[in-house]
Amino acid sequence: MRTKLSLVTVGVTLLVAAAPVIAHHSFAAEFDSAQPITLNGTVTKMEWINPHAWIHLEVKKPDGKVENWEVETGNPSALIRRGFNRNSLPAGTEITVQGFRAKDGGMRANGRDLTFKDGKKLFVGSSGTGAPDERSEK
Amino acid sequence: MNRQLVTVAWTLTGLIAVMSWAARPVAGQSPATGSKTTTASKSASPATPRTPWGDPDLQGSWTTDSAYAIPMQRPQQFAGRAELNDEEFKAKVETDTKRRERALKIGDGGIGSISEDAAWITKTFRQTSLIVEPADGKLPPLTPEAQRKQQLAPRGTYGNGPLDGPEDFGLYDRCITLGVVGSVTPKIYGNGHRIVQGPGYVAFLNEMIHEHRIIPLDGRPHAGRNIKMYMGDSRGHWEGNTLVVETTNLNGKPNYSGGEKVIERFTRVEPDVLRYEAIIDDPKTYTRPFTISIPLVSPPGYQVLAYDCHEGNKALMQALGGERAEDKALDQDLKKGIVRARKPVQNGLGVGGSPTGAPVVSEADTR
């Protein structure tokens, strides 16, 4: 009976897995998986635009120089359904974002995990893009 | 202004109001919640509610999120069976429940705690594939002409380039359209569909990627034969409680939306389940007609949100920028005496676990 149930579970898992896992745009065309980046900075603006929202970030370098980075997140409606709202990332919030740099070398990155000063983590990425750290189960 | 124009104006006003409302920032909004997983399946149509003017009432905020758990084509282990048996169904209810509970946990203050946007499954269905006809649940083979076209079709951010301009990207990449049927097939996110009715009209708003349709029900003639459009020209009529929409004047570019005519059927089979069927007869592309059947659900509190795709579509700029960076890298290597092949766009990564460069079969493909 146990074997039979396991087989059923496998069948159902396959059924779910067979569903297409395709986001709007592919990660690999825009971002470089070989260039992971960690940005520590202050939010200057959260741009709630489609098809991806963007976090604008001021990053102070050790030499005092300030860089302005833009971090791509998931689709705004996906973020809202995950529980984000207009107050989730107000300007002035200090955050750390882990992601991957744009292939064109610009100061843009695809954001995956975001950490607040208190250690709370958020997933800000777009699912189904084929990004290397993508997790289908948590 | 005559009555018909007033109706159109009101329908449009309603649609715009809905879109504006959906687009507003949402403070403290709890995520779309679902009741416990139910055992929905094909069922006899109960008394369909009526609009004040007597039409079957299909209005509401619907989603194909639950249908995302049904594959487009029937997996081999369910060959010959359109529905799961009781044991398989029980197991699937458990799987779907786990996915839903994981998604709902975000309502406990853990925002952004999931990376699986397709977890919003509020009803489990016995259906083993979205394709219900032919009876094997498989997409009919492409015609030789369509196969040739597919080889040449731009695959954009999901292909391997080279990418030199906007035409190297598909319609979906470019935020143009997913087409009449493609905008309803379930995706990993953005599955909202709003239906608004007025006397003589039905209006649809598809969340991703922003399509809307205003369909007259008065039997007026279609546009002239030479006018071809991405979303075609739709006319609707009622057959009992089912809205039947015939769409002609299709330009055939989006997937599942070619041929002389696409027929769609919308039936409210339960108060919170809308059955959508599309009959595609496109002999230039497919070797036989086929039918896609998709259940849409309306969980309590569900909202269709804005997906104004052109608002900030930086994907093309970034993908083209990546290709130009590769041009420069190739030049620099050549100057150093290194002769190498161009890096493919996917750069060793597969999408959804597929091997690099392998065709990704999905509703997202656009020709």
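The values are calculated or read from the model by the stated rules, or taken from the named source; none is laboratory data. Quantities reported herein were computed from a predicted structural model and do not represent experimental measurements. Positions of Cβ are generated from backbone atoms using ideal geometry, with glycine treated the same way; all protein chains shown enter the neighbour counts.
Observations on the structure shown:
- Answer from B:Q303, B:Q332 - the residue that is outside any strand (DSSP E or B), more than 7 Å from chain A (Cβ to nearest Cβ) and surrounded by 17 or more Cβ atoms within 10 Å (Cβ to Cβ): B:Q303
- Restricting A:I55, A:I37 to residues that are buried (at least 24 other Cβ atoms within 10 Å of the Cβ), in contact (Cβ under 8 Å) with a residue 60 or more places away in the chain and assigned to a strand (DSSP E or B) narrows the list to A:I55.
- If you go through region B:219-259 and pick out every residue that is assigned to a loop (DSSP other than H, G, I, E, B) and surrounded by fewer than 14 Cβ atoms within 10 Å (Cβ to Cβ), you end up with 9.
- Just one of the listed residues (A:R101, A:R86) is within 11 Å of chain B (Cβ to nearest Cβ) and part of a strand (DSSP E or B), and it is A:R101.
- Look at region B:58-77: where a residue is at positive phi and a partner is in a loop (DSSP other than H, G, I, E, B), sitting 6+ places away or on another chain with Cβ atoms under 8 Å, you get B:G60/B:S298.
- Close pairs (6 angstrom Cβ cut-off, 6 or more residues apart or separate chains): in contact (Cβ under 8 Å) with a residue 12 or more places away in the chain in region B:81-96, among the small types (G, A, S) anywhere: B:D96/B:A69
- Filter result for A:G106 (surrounded by fewer than 24 Cβ atoms within 10 Å (Cβ to Cβ), within 30 Å of B:D327 (Cα to Cα), free of Cβ contacts under 8 Å to residues at least 40 places away in the same chain and facing chain B (nearest Cβ under 8 Å)): yes
- If you go through region A:58-83 and pick out every residue that is in a loop (DSSP other than H, G, I, E, B) and touching a Gly at 6+ places or on another chain (Cβ under 9 Å), you end up with 5.
- Qualifying residue in region B:245-268 (condition: modelled with pLDDT of 95 or more and over 21 Å from the mean Cα position of the chain (by Cα)): no
- Within the span defined as region B:63-71, one or more residues are within 23 Å of B:W120 (Cα to Cα), part of a helix (DSSP H, G or I), of a type outside the set (A, V, I, L, M, F, W, C) and within 12 Å of chain A (Cβ to nearest Cβ).
- When B:A47 is tested against (1) over 25 Å from B:G182 (Cβ atoms); (2) surrounded by 13 or more Cβ atoms within 10 Å (Cβ to Cβ), exactly one condition is not met: (2).
- Screening region B:335-348 for residues that are under 19 Å from B:D168 (Cβ atoms) and touching a Ser or Thr at 6+ places or on another chain (Cβ under 9 Å) and picking the one that is surrounded by the fewest Cβ atoms within 10 Å (Cβ to Cβ) gives B:P344.
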